[in-house]
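Peer 1: Mind looking over this structure? Questions follow.
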Amino acid sequence: MLFRDLVMAGQLTRTGEGCSSVWVRFTFDFFPAPASKLAQVCGSGSVDIDLRQSLMPTTTGRLTVCEGTETATDCAPWQTITSWPVNRD
C-alpha cells in the first residue's frame, strides 16, 4: 500500500488574555502547500485538535503553535510530524 494516513489528536490550551493557534504545513511531491490553521483558542480555555491526512512516500508535514490567529508568523519553531519509512503498526 502506497498511501498511509497520519492521524493526530490533541488539545490546545491557553491561560490568560490573547489568542493562540495551531498550524500545519504539508509538502506534497516536493511542493510546499500553504500553512493551514487547525485550531485556535482565545482567552483561557481549550480546544480539541483533530487531523487526518493521507500521506504518500513524498509527503512531509510540520506543525507549529502561534501567538494570534490570523497568520503563522509569530510562532514556535516548526516541528516535523512525519517520518519515513512509515511505521506500519
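Peer 1: Only residues that are open to solvent by less than 40 Å² (accessible area, probe 1.4 Å) and either touching a residue at least 60 places away in the same chain (Cβ under 8 Å) or more than 14 Å from the chain's Cα centre (by Cα) (or both): list them for segment 36-54, please.
Peer 2: Across segment 36-54, the qualifying residues are Val41, Gly43, Gly45.
Peer 1: Test each condition in (1) of a type in the set (Gly, Ala, Ser); (2) open to solvent by 50 Å² or more (accessible area, probe 1.4 Å); (3) under 15 Å from Gln79 (Cα atoms) for Ala9 and report the one that comes out false.
Peer 2: Of (1) of a type in the set (Gly, Ala, Ser); (2) open to solvent by 50 Å² or more (accessible area, probe 1.4 Å); (3) under 15 Å from Gln79 (Cα atoms), only one is false for Ala9: (3).
Peer 1: Looking at Thr59, Thr80, Thr64, Thr27, which one is of a type in the set (Ser, Thr, Tyr), in contact with a strand residue (DSSP E or B) (Cβ under 7 Å, 6 or more places away or on another chain), at pLDDT below 95 and surrounded by 15 or more Cβ atoms within 10 Å (Cβ to Cβ)?
Peer 2: Result of the check over Thr59, Thr80, Thr64, Thr27: Thr59.
The values are calculated or read from the model by the stated rules, or taken from the named source; none is laboratory data. Small disclaimer: the values here were computed from a predicted structure and weren't measured. As a convention, Cβ positions derive from the backbone with ideal geometry for all residues, glycine included, and neighbour counts pool all protein chains shown. Note: accessible area is taken over every heavy atom of the protein model, side chains too, but ligands, DNA and RNA are not part of it. Shrake-Rupley method; radii C 1.70, N 1.55, O 1.52, S 1.80 Å.
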